[in-house]
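First comes the structure, then the notes that go with it.
Derivation of every value follows stated rules applied to the coordinates shown; laboratory data play no part. Just so we're clear, the structure is a prediction, and the values are computed from it rather than from any experiment. Here the Cβ positions follow ideal geometry from the backbone for every residue, glycine too, while neighbour counts run over all protein chains shown.
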Amino acid sequence: VYDDGDEYHLSARGRTYPSYEWFFTVRDNYDCYVSKETLLPRLSIRDIKEGDYERYDKITYNQNARRATSLKGHSRADASPESFNFNGCMHDILSILYYLRNVEVASLREGDEVPIEFFFDRETYPLKVRYKGTESDTKVKGMGRYKTYKFSPELIAGEVFNEGDEMSVFVSQDENKIPVLIESPVSVGSVKVVLKSYKGLK
């Protein structure tokens, strides 16, 4: 997360472990710029290469007009624009995570669901994130053990996730709500996101 004037710049990079490069190469770049006031995206860019699959998608959001314009193609060079309307507040993949860090967990009971809509691949998806309570001893390799809140975002079955798959997101049990561990099955195995460092916390 970068502080960028009246916006936060959220950035995520996906890379294959070196020992798996011969089998499947991943070079995923996600960037999202959200309003500090609303935490809703103004601009998001997805530039990915996963094996032979490549995709570029630059989305400009007008939250007041309830409209998004997607510049999408196999690469930046062949991307073409298309506009879409939506009904309410709209997120992208990265802004969802940052938005959840600002949910008032004290008002939630175990099993409660937080509804969110997000725009991905020129489609709008209604998503529910289920609050699964607290964990007293979440182990994070290389970082130690944490008291955490546990959330389970609903996954969309398709090329990446299978029907019934469930993701687990563990965030620190404090006001910062840092994602310390994310675990998820995917169609070719599993993904684990592990906290390595943090800075700039309040």
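A few points about this structure:
- Derived scalar couplings ³J(HN,Hα) [the stretch 62-74; Karplus, 6.51 cos²θ - 1.76 cosθ + 1.60; whole Hz; x for Gly, Pro]: 10, 5, 5, 8, 6, 9, 10, 10, 9, 9, 10, x, 5
- For the listed peptides 46-58, 77-89, a ranking on the average number of other beta carbons within 10 Å per residue, highest first, reads 46-58, 77-89.
- Annotation: amide H of Leu127 within the under-5 Å range of Ile116, Glu117, Phe118, sequence separation 5 or more or interchain, hydrogens built in the peptide plane.
- Per-selection Kirkwood Rh - the chain (Cα, Å, 1 d.p.): 18.2 Å
- Relative packing of 113-121, 169-177, which averages over residues the other C-beta atoms within 10 Å, highest first: 169-177, 113-121
- Estimated translational diffusion coefficient (Stokes-Einstein, Kirkwood radius over Cα pairs, 37 °C, 0.692 mPa s) of the stretch 39-104: 254 µm² per second.
- In a simple Cβ point-charge model (Lys, Arg +1; Asp, Glu -1; nothing else charged), the chain has a dipole of about 580 debye relative to its Cα centre.
- Only helices enter this figure: runs of n ≥ 4 DSSP H residues, each worth -39500 (n - 2.57), summed and divided by the residues of the chain, yield -1000 deg cm²/dmol at 222 nm to the nearest 500.
- Mean Cα-pair separation over length for the chain, i.e. relative contact order, pairs under 8 Å, 6 or more apart, %: 10 percent
- Pairs of Cα atoms farther than 22 Å apart, the stretch 1-117, %: 45 percent
- Counted over the chain, the DSSP beta bridges are approximately 95% antiparallel.
- Most mobile of Ser190, Ser75, Ser168 in a GNM of the chain (Cα contacts under 10 Å): Ser190
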